[in-house]
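Visitor: Quick one: this structure, given as structure tokens, is what I'll be asking you about.
Read-outs: derived from the displayed coordinates by stated rules, not from any lab. This structure is a prediction, so every number in the text was calculated from the model and none was measured. Every residue, glycine as well, gets a Cβ built from its backbone with ideal geometry; the counts of neighbours run over all protein chains shown.
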Amino acid sequence: MSRADLVVFKQGQPVAVVEAKARPVSPPFQQAVLRQLRTFATDTGSRWSILVDPDRMAIFRGTDMTKPWVSLSTAEVLRPSAFSRSGVVGERILLEAVDRWLHDLPTQRETLQQHPELRDFVKDVRDGITTSSEVQLKRD
């Protein structure tokens, strides 16, 4: 059984899963991490998958991990929060920052203008409820 770091629910259904890594994901481990993220998306049936590390945040549509729907610098996610000044960016900080960013994104006009492809994503996650209590996913 696997555990997602963060899951966004809307109307009781998972719409996004998040996998956070405390260190930048290096090329040798990229495929393994993406397989793990694909498993989370498949098991929950979520429409979006997010991989975040201290350098990048990649948002994938569903289980297609071939190319991110959008890729942002993690600094863009941290900037609106006090976390950008913390200096240390570990998994817990990343999850808190992503959680806040997801909830604030619908009102972040500058970000949405810079990344218009986020509009579909925003429609799906707007007013979602997140849980970071390591949601246990069941394999059939």
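Visitor: Quick one: if you take sqrt(5λ) for each eigenvalue of the C-alpha gyration tensor of the chain, what semi-axes come out, biggest first, whole angstrom?
Guide: Equivalent-ellipsoid dimensions as semi-axes: 21, 18, 15 Å.
Visitor: Let me ask something else about it. Please count, across the chain, the pairs of lysine residues with Cα atoms under 21 Å apart that sit 8 or more places apart or on different chains.
Guide: Within the chain, the lysine pair count is 4.
Visitor: Please give, to one decimal in nm, the separation of the simple spin-label points placed at ARG23 and LYS67, each 7 Å out from Cα toward the Cβ.
Guide: 3.0
Visitor: Assuming R0 = 25 Å, can you tell me the calculated FRET efficiency for the pair LYS123 and GLN36, based on Cβ-Cβ distance, to the nearest 0.05?
Guide: With a Förster radius of 25 Å, E is 0.45.
Visitor: Here's another thing I want to ask about it. If you place +1 on the Cβ of every Lys and Arg and -1 on the Cβ of every Asp and Glu, how big does the dipole about the Cα centre of the range 8-63 come out, in debye to the nearest 20?
Guide: Its charge dipole is roughly 120 debye.
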